[in-house]
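Asks: This is the structure, below, for whatever I ask next.
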Amino acid sequence: MPPSPPLIGVIGKTNVGKSTFFSAATLIDVKVENRPFVTIEPNVGVAHVRVKCVHEELGLPRCDARNSICVDGERLIPIKMMDVAGLIRDAHKGRGLGNKFMDDLRQADVLLHVVDVSGSTDEEGRPTVPGTYDPLDEVLSIEQEVNEWFYGIVSRDWTRFARGLDGMPWDSVIDALTRRVSGLSIRREHVTLALKASGLELTKPSSWRDVELRGFVTKLREVSKPMVIVGNKADMPEAEDNIKRLTKELRGRVFIPTSSLYELAIRKAAKAGLVRYLPGDPDFTVVDESRLNPKQKAALERVREFMRKFKGTGVQQSINTAVLDVLDSIVVYPVEDQHKFTDSYGNVLPDAYIVRRGTTAQELAYLIHTDLGKGFLYAILAKESKRVGATYELRTNDVIKVVSTK
Ligand SMILES: Nc1nc2c(ncn2[C@@H]2O[C@H](COP(=O)(O)OP(=O)(O)O)[C@@H](O)[C@H]2O)c(=O)[nH]1
Ligand SMILES: [Mg+2]
């Protein structure tokens with residue numbers, strides 16, 4: 001089983017453009033040979049992280065991408081994306097689609113929080129006069145809402161649970177806390193980080209007051225479901241002042257002005273063969289002017305103007321930032337033949353894997369196949385022709401062959 005790609009959850013209030021973002025991000029014009037994973041639910045789709053393919057660095061004229069796509073030296077690596085049910089304030093108290101929301105959310109590794117920076121959606125998700133609703137309120141209230149969900153789950157029957165931990169060695173305390181939140185796809189290292197960040201390391205959970213428990217839960221949410229704020233509808237005139245203000249006010253968070261509407265339009269135009277555009281390009285080229293009517297031309301010019309100003313539409317940038325920066329992931333290329341950079345069928349650099357920074361050579365072997373991990377002997381870095389051991393920490397763009405007894 002190759003490494004499971006990260007899952008991005010697209011969250012936010014109703015009407016801010018989540019579905020538009022999801023449609024744009026999952027519309028891909030390039031033929032994909034073998035779908036790397038099937039989608040089980042209708043609101044889950046495949047988006048891509050875009051990186052420079054290592055084949056150019058290796059001086060190769062091309063590669064034979066199989067689990068991903070390579071277009072003119074740009075590698076598009078599939079990830080999963082989920083259009084999460086819309087959230088409204090106080091959903092955790094049983095208003096709206098709260099439980100469906102939580103059920104979706106718990107699977108996500110990172111969240112794209114879509115907000116309407118044009119201020120044209122009110123607190124309840126109803127369209128309103130652009131510029132009248134403050135998107136900063138939205139950022140904070142939705143975050144608060146997610147934190148409340150976490151708190152609800154962790155604090156249930158807390159006193160009894162915490163007392164049960166008294167006298168346990170610290171490692172077992174972490175284990176028990178991890179088991180308690182495992183339904184939220186939270187890993188042990190998240191729990192450890194949150195304990196440290198909230199200053200509760202080596203303290204007795206039964207001695208925590210509510211304020212400490214809340215502090216821990218907030219940190220736990222931050223590390224296990226980190227967020228990128230997508231400032232959507234940035235194309236509207238009313239967005240301009242809000243973008244300036246949010247860029248300042250949201251320092252410490254990642255905020256990306258975006259137009260999902262424009263990204264969707266340009267990907268559709270690319271699919272129809274009207275323009276050349278690869279997701280994440282800062283611009284596009286019209287293939288044949290004569291095939292466009294004046295209305296289409298004017299629309300494309302508006303999109304181009306926006307893209308020039310923001311260096312793209314923000315959609316691909318949001319995805320890349322979420323996976324590569326916020327989740328701190330790297331891309332590695334496993335091969336069978338370290339001289340030719342191929343698999344056993346002669347395909348050049350067939351696979352590009354997204355793994356967490358800090359993943360070791362042996363962990364990678366396990367991710368590729370359990371047997372490969374179990375029988376791990378050593379690995380060879382193809383670019384450097386260098387042998388490395390089990391604990392070698394992978395770096396981005398490593399081309400690596402695992403040597404195993406199996
Ligand atoms: N101007 C503008 N409108 C957008 C953008 N994204 C979505 N919309 C519009 O906002 C409305 C709600 O979009 P939708 O994707 O259904 O929102 P959801 O309820 O969050 O899934 C629709 O009328 C969209 O066309 C955008 O980037 N710019
Ligand atoms: Mg929707």
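The values are calculated or read from the model by the stated rules, or taken from the named source; none is laboratory data. Everything quoted here is computed from the prediction, not taken from an experiment. All Cβ positions, glycine included, derive from the backbone under ideal geometry; neighbour counts span all protein chains shown. Note: accessible area is taken over every heavy atom of the protein model, side chains too, but ligands, DNA and RNA are not part of it. Shrake-Rupley method; radii C 1.70, N 1.55, O 1.52, S 1.80 Å.
Asks: So if R0 is 60 Å, what FRET efficiency would THR203 and HIS339 give, r being the distance between their Cβ atoms, rounded to the nearest 0.05?
Replies: For R0 = 60 Å, the calculated efficiency reads 0.65.
Asks: Another question, if that's okay. How would region 54-195 be classified by its alpha-carbon gyration tensor: rounded, prolate or oblate, with rounded meaning a/c under 1.5 and the a/b versus b/c comparison settling the rest?
Replies: In terms of gyration-tensor shape, oblate.
Asks: Moving to a separate point now. In region 277-406, what percent of the accessible surface is made up of carbon and sulfur (1.4 Å probe, ligands and nucleic acids excluded)? Present the calculation step by step, with values, prior to reporting the outcome.
Replies: Details: 3210 of 6570 Å².
Exposed carbon and sulfur together represent 49 percent of the surface.
Asks: Using 1/(1 + (r/R0)^6) with R0 = 25 angstrom and r between the beta carbons of ALA176 and GLN107, what's the FRET efficiency to the nearest 0.05?
Replies: Taking R0 as 25 Å, the efficiency between ALA176 and GLN107 is 0.65.
Asks: Additional query: Taking all pairs of different Cα atoms in region 332-404, averaging 1/r and flipping that mean, what Kirkwood radius in angstroms comes out?
Replies: One decimal place: 11.8 Å for the Kirkwood radius.
Asks: Same structure, new question: Please work out the FRET efficiency for the pair THR391 and ALA299, using the Cβ-Cβ distance as r and a Förster radius of 41 Å; give the result to the nearest 0.05.
Replies: So the FRET efficiency works out to roughly 0.15.
Asks: Averaging sequence separations of C-alpha pairs under 8 Å and six or more residues apart, then dividing by the length of region 258-367, give the relative contact order as a whole percent.
Replies: 20
Asks: Cβ neighbours within 10 Å, averaged per peptide: list 346-352, 7-13 in order, most packed at the top.
Replies: 7-13, 346-352
Asks: Report the rotationally averaged projected area of region 247-359 based on its alpha-carbon convex hull, in square nanometres.
Replies: 10.6
Asks: Kirkwood hydrodynamic radius of the chain from all distinct Cα pairs, in Å?
Replies: Across the chain, the inverse of the average 1/r is 23.1 Å.
Asks: For Cα pairs less than 8 Å apart in space and 6+ apart in sequence, what is the mean separation divided by the residue count of the chain, i.e. the relative contact order in percent?
Replies: With pairs under 8 Å counted, the relative contact order is 18 percent.
Asks: Suppose only helical runs count, i.e. DSSP H with n ≥ 4. What mean residue ellipticity at 222 nm does that imply for the chain under -39500 (n - 2.57) per run, divided by all residues and rounded to the nearest 500 deg cm²/dmol?
Replies: Working: 14 runs with 143 residues, N = 406.
Counting only the DSSP helices, I get -10500 deg cm²/dmol.
Asks: Then there's this: Could you give the accessible area per residue of the chain, probe 1.4 Å, as a whole number in Å²?
Replies: 47
Asks: Under a plain spin-label model, where a point goes 7 Å from the Cα along Cα-to-Cβ, how far apart in nm are SER290 and TRP158?
Replies: 7.1
Asks: Let me ask something additional. Can you compute 3J(HN,Hα) from phi for each residue in region 72-83, using the Karplus curve 6.51 cos²θ - 1.76 cosθ + 1.60 with θ = phi - 60°, rounded to whole Hz and x for Gly and Pro?
Replies: 6, x, 9, 8, 10, 10, x, 9, 9, 10, 10, 8
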